[in-house]
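Notes to accompany the following structure.
Any read-out appearing in this document is the output of simple, stated calculations on the displayed coordinates, not a laboratory observation. Keep in mind that this is a model prediction, so the values were computed, not measured. Backbone-built Cβ (ideal geometry, glycine too); neighbour counts: all protein chains shown.
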Amino acid sequence: MVRLRGTQRVNERGHLEVGGVDTCELAQRFGTPLYVMDEALIRQRMREYVKEFGRRWPRGVNVAFAGKAFLCTAMCKIAEQEGLWLDLSSGGELYTAIKAGFPMEKVYLHGNCKTPEELEMALESGVGRVVVDNFDELEMIGRMASERGVKVDIMLRVTPGVEAHTHEYILTGHLDTKFGFQIYAGQAMEAIRRALEGEHLHLVGLHCHIGSQLLSLGAFEAAVKAMVGLMRSAKEEFGWEAEELNLGGGLGIPYLSSEDAPSVADLAEVITGALERELSRNGLKRPVLALEPGRSIVGEAGLTLYRVWAVKTIPNVRTYVMVDGGMSDNPRVQLYGAKYEAIVANKASKEPVRAVAIAGKHCERDILIEEVLLPEVEPGDIIAVPCTGAYHYSMSSNYNRYPRPAVVLVFKGRAEVIVERETYEDLVAKDRLPERLREEAAGEVRGCVL
């Protein structure tokens, strides 16, 4: 049986329910494909981070939700209500937070290639921390702060040289990466020196992020050791001690019922234990500890609903269940070979009888699930795919000119749209047809030999 997450349950009608709302009714009311977010589970995960780290690290903890996992104005408001910071990585994410009225002093602005326009927005809005990634950015932010006559709180993103066990495309803390200042080559120490010399820069602390979807915790211990070693070198060389240490995010989730993932409490125990040991061993004071969880907050809180429109059986080969979505709403299968499970939402109490493939409708191979055991499936059925709360909506596209799905937030029997479904009109709203193309007939394009 597929593991149910958060408030999911099978109700008296034998239908899958989440947030006190029947998923079949959601599909009928809001259409498919449809992203559904479980607000109660999102808030539960946020509170777990605040509680588990807070009680182990009394010096202070900043938990920042990683907006790249899933961001809209409603998500910003939930994070604000739960006392979280935001980890943002683009001008678009920052603008979303501004429009949501999120307190800018609780924002970390990331990005390995921040533009002057993005930094201008950061300075204008008063973000709490600009996390500087490279020497060119360090020079640019210093110059812009000087022109404004302000002092900017910054952190330096450091590459600790830790090989975490995850997919190579989401591995970010090893040596060969575009992110941050390398420790081993002396870049991090040079960046600290330049930052401390910057008249209009206040170096608050250091940051690292070793990767995403991590299901073992050893890499976090290694990252702590590397970062504290750098902190000791900075104290010895410059007399500077970090006020804050940001260890990023990366905790994974169990996408399949057969998988296990460490709990937030497990992560907190490992990180704070390692940090306490290393700081004591190196004679350093405790900094404020910052974390940037994303997937582990919203991943299991999301599910995607699809409607079946066709079932195709190739004798002695495979049965394809054709649904009205696919790689434009879930690109992770194509990008990372991600694995998912499925539930027939309107037959959730029935036993599985057949192995099928869930096929998307895009003009590619577009197989969402290679093989899954389901009850007999027929056109009109609703397929629910769990664990689609992170990096699905945020990575969705208009491939094949499909409109992006709506996002609905469910909570205590209520269902509310937090992102509207795109329309066909939205798809052409930014198109422009030059007047000459309207006027010239085929074969009459001047200056061209056809």
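What full-extension length gain, to one decimal in nm, is calculated for Val311 and Tyr424 as 0.36 nm per residue of separation minus the Cα-Cα distance?
Going from the current span to full extension adds 38.0 nm.
What angle, in degrees between 0 and 90 and rounded to the nearest 10, separates the Cα long axis of helix 135-148 from the longest principal axis of the Cα atoms of the chain?
The angle comes out at about 80 degrees.
Residue by residue through region 9-18, what is 3J(HN,Hα) from phi via Karplus (6.51 cos²θ - 1.76 cosθ + 1.60, θ = phi - 60°)? Round to whole Hz and write x for glycine and proline.
7, 9, 7, 5, 8, x, 9, 6, 10, 8
Can you give me the angle between helix 264-282 and the longest principal axis of the chain, using Cα atoms only, in degrees from 0 to 90, rounded to the nearest 10?
Computed tilt is about 20 degrees.
Give me the percent relative contact order of region 39-298, please, defined on Cα pairs under 8 angstrom at least 6 residues apart.
Across region 39-298, relative contact order equals 21 percent.
Treat every Asp and Glu Cβ in region 39-298 as -1 and every Lys and Arg Cβ as +1, leave all other atoms uncharged, and give the resulting dipole magnitude about the Cα centre to the nearest 20 debye.
Charge dipole of region 39-298: 640 debye, to the nearest 20.
What fraction of the DSSP beta bridges in the chain is antiparallel, stated in percent and rounded to the nearest 5?
Of the beta bridges lying entirely in the chain, close to 45 percent run antiparallel.
Nearest 5 percent is fine: what portion of the DSSP beta bridges confined to region 39-298 is antiparallel?
Rounded to the nearest five, the antiparallel share is 5 percent.
Mind checking the angle between helix 187-197 and the chain's longest principal axis? C-alpha axes, 0 to 90 degrees, to the nearest 10.
Result, in degrees: 60.
May I ask you to derive the relative contact order of the chain, considering only C-alpha pairs under 8 Å and at least 6 residues apart, and to give it as an integer percent?
Relative CO of the chain lands at 20 percent.
For region 39-298, what is the convex hull volume of the alpha-carbon atoms per residue, in Å³?
Spelled out: Cα convex hull of region 39-298, divided by residues, is 115 Å³.
Which order do the peptides 313-324, 247-258 come out in when sorted by mean C-beta neighbours inside 10 angstrom, highest first?
Per-residue Cβ counts within 10 Å, averaged per peptide and sorted highest first, yield 247-258, 313-324.
How high is the relative contact order of region 60-130? Use alpha-carbon pairs under 8 Å, at least six apart in sequence, and give a whole percent.
For region 60-130, the relative contact order is 30 percent.
Taking the Cα centre of region 1-119 as origin, sum charge times position over the Cβ atoms of Lys and Arg (+1) and Asp and Glu (-1), and report the length of that vector in debye to the nearest 20.
420
To the nearest 0.05, what FRET efficiency results for Lys235 and Glu439 with a Förster distance of 51 Å applied to their C-beta separation?
0.10
Give a residue-ordered list of calculated ³J(HN,Hα) values for region 34-48 (Karplus: 6.51 cos²θ - 1.76 cosθ + 1.60, θ = phi - 60°; whole Hz; x for Gly, Pro).
8, 7, 10, 10, 8, 4, 4, 6, 4, 5, 4, 5, 4, 5, 4
Can you work out the Karplus-derived ³J(HN,Hα) for every residue in region 347-362? Use 6.51 cos²θ - 1.76 cosθ + 1.60 with θ = phi - 60°, whole Hz, and x for glycine or proline.
In residue order, the calculated couplings are 9, 5, 8, 8, 6, x, 10, 8, 8, 9, 9, 9, 10, x, 9, 7 Hz.
Could you give me D for the chain, from Stokes-Einstein at 37 °C and 0.692 mPa s, where the hydrodynamic radius is the Kirkwood radius over C-alpha pairs? Units µm² s⁻¹, please.
Translational D for this selection: 138 µm²/s.
Taking the Cα-to-Cβ direction at Arg3 and at Glu105 and moving 7 Å from each Cα, how far apart do the two end points lie in nm?
Here the answer is 4.0 nm between the modelled labels.
For region 291-385, I need the span (max minus min coordinate) of the C-alpha atoms along each principal axis, in Å, sorted largest to smallest.
Each principal axis gives a Cα extent; for region 291-385 these are 51, 32, 20 Å.
Grab the Cα-Cα distance for Val150 and Glu243, subtract it from 0.36 nm times how many residues apart they are, and report the gain in nm with one decimal.
31.5 nm
Under a crude label model (7 Å from the Cα following the beta-carbon direction), how far is Asn11 from Asp136 in nanometres?
5.4
For region 1-130, compute Rg over Rh where Rg is the Cα radius of gyration and Rh is the Kirkwood radius from the inverse mean 1/r over Cα pairs.
1.07
Give me Met140, Met1 ranked fewest to most by other Cβ atoms within 10 Å of their Cβ, as a rough exposure proxy.
In order of increasing Cβ crowding within 10 Å: Met1, Met140.
Name the long-range amide H neighbours of Phe65: under 5 Å, sequence gap of 5 or more, or other chain; modelled H, no Pro or chain starts.
Trp85, Leu86, Asp87
About its Cα centre, how strong a charge dipole does the chain have in debye, to the nearest 20, once Lys and Arg get +1 and Asp and Glu get -1 at the Cβ?
720
Residues of region 133-162 with the amide nitrogen closer than 12 Å to a label point 7 Å from the Cα of Val288, along Cα-to-Cβ, please.
Hits in region 133-162 for Val288 at 12 Å: 153-155.
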